[in-house]
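The values are calculated or read from the model by the stated rules, or taken from the named source; none is laboratory data. Computed from a prediction, not measured in an experiment: that's the story for all the values here. Positions of Cβ are backbone-derived with ideal geometry, glycine not excepted, and every protein chain shown enters the neighbour counts.
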Amino acid sequence: MHLVLHEEEGAGAAGLILGHPLDTVKVRLQTQNVYRGIVDCVIKTYQRESVLGFFKGMSFPICSVAVVNSVLFGTYSNSLLLLSSTSHQDRKAQPPNYGHIFVAGSIAGFVQAYCLAPFDLIKVRLQNQTEPRARPGVAPSHYRGPLHCARTILREEGPRGLFRGAWALVLRDTPSLGLYFLTYEGLSWWLTSDGKERGSATMLVAGGFAGIISWVVATPLDVVKARMQMDGLKQQEYRGLLDCMVSSARQEGPGVFFRGLTLNSARAFPVNAVTFFSYEHLLRFLS
Ligand SMILES: C[N+](C)(C)CCCC[C@H](N)C(=O)O
């Protein structure tokens, strides 16, 4: 049993590692105005920081993905159980209640956003450090690693600093995770013929599309969230979430809210295909 659990976890982590370079480029495009586009950002990052630059900030997400996903999927299935009072097994026989699925997904999104917030903040801060690796004679980066980053934020910005951008994250994830589960369940139901078990290909395809659709909806608030998270370093540029939205749109035009859309969607398919595939197989294994 342990071996299987490790394999599932390994699959999740593998998806995350593959997706991380796309995520780093996205975060940089959303928060720094020095790049002309995806290709320009990739070239500059590679020239200055080598391939390693794309993997900055990856260790915390890898360590926390199991916890964050357990909170997400655990809250989702328990909320759904409370709302519809049918077990996972019984639900297979009847069409899903999409209202319940959306509400359960949104509740789960709300709860996981709080667990994710500090990890996500540290990821974003590390991804935005564009200095090459520290060498003798070269000044080290502001943050030397995830734990040093957490300690520095605590010292410089206080405990609340670790939750910078958390509100934007909660707003980003509450409705979009409702939509995430809705798309997954809807597509799976549609792709599975009556009375049949849900197949692996269905899980991968439905999971992939659930990822893309929810990320498309979530991207505008993803931009706002990333900017709020970087705010502490620039001595309070924004007065709050609304101010961040308004001044970003004023200075850079409404297109700013779609920065990173292509990269988010490209990353979303493989990462979430693997996520749902692992989740379903774990459920089957445990039940
Ligand atoms: C709701 N929102 C679209 C933001 C995320 C949905 C998918 C979450 C997944 N862990 C991932 O990283 O893709």
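Any residue at all in the range 278-285 that's within 15 Å of the ligand (Cβ to nearest atom), within 22 Å of A113 (Cα to Cα) and in contact with a helix residue (DSSP H, G or I) (Cβ under 9 Å, 6 or more places away or on another chain)? Yes, the conditions are met somewhere in the range 278-285. I need a count of the residues in the range 258-280 that are over 14 Å from G15 (Cβ atoms) and part of a helix (DSSP H, G or I). The number of residues fulfilling the criteria is 7.
Give the range 176-195 a look and list any residue that's out of contact with any helix residue (DSSP H, G or I) (no Cβ under 6 Å at 6 or more places or on another chain) and either within 16 Å of the ligand (Cβ to nearest atom) or assigned to a helix (DSSP H, G or I) (or both), or say none. Correct list: G186, W189, W190. Restricting attention to the range 173-202, the residues that are of a type in the set (A, V, I, L, M, F, W, C) and either surrounded by fewer than 20 Cβ atoms within 10 Å (Cβ to Cβ) or modelled with pLDDT under 95 (or both) add up to 5. Can D231 be described as outside any helix (DSSP H, G or I) and either outside the structural domain of Q30 (by the TED database) or within 14 Å of the ligand (Cβ to nearest atom) (or both)? For D231, the condition - outside any helix (DSSP H, G or I) and either outside the structural domain of Q30 (by the TED database) or within 14 Å of the ligand (Cβ to nearest atom) (or both) - is not met.
Of the set (1) surrounded by fewer than 21 Cβ atoms within 10 Å (Cβ to Cβ); (2) more than 15 Å from the chain's Cα centre (by Cα); (3) of a type in the set (A, V, I, L, M); (4) assigned to a helix (DSSP H, G or I), all apply to V170 but (2). Could you tell me which residue of the range 58-73 is nearest to Y279 (Cα to Cα), considering only residues that are of a type in the set (G, A, S) and within 14 Å of the ligand (Cβ to nearest atom)? The residue in question is S70. If the condition is being under 18 Å from V124 (Cα atoms) and either surrounded by fewer than 13 Cβ atoms within 10 Å (Cβ to Cβ) or within 16 Å of the ligand (Cβ to nearest atom) (or both), then the range 234-257 contributes K234, Q235, Q236, F257.
In summary, T219 fulfils each of the numbered conditions (1) more than 9 Å from the ligand (Cβ to nearest atom); (2) surrounded by fewer than 24 Cβ atoms within 10 Å (Cβ to Cβ) with the single exception of condition (1). Checking each residue in the range 153-192 for being polar (S, T, N, Q) and more than 27 Å from M245 (Cα to Cα) picks out T183, S188, T192.
Residues are listed down the side, and each one gets a yes or a no for (1) surrounded by fewer than 16 Cβ atoms within 10 Å (Cβ to Cβ); (2) more than 16 Å from the ligand (Cβ to nearest atom); (3) among the β-branched types (V, I, T):
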site	(1), (2), (3)
N33	yes, yes, no
G37	yes, yes, no
K44	no, yes, no
R48	yes, yes, no
K56	no, yes, no
L83	yes, yes, no
G109	no, no, no
R135	yes, yes, no
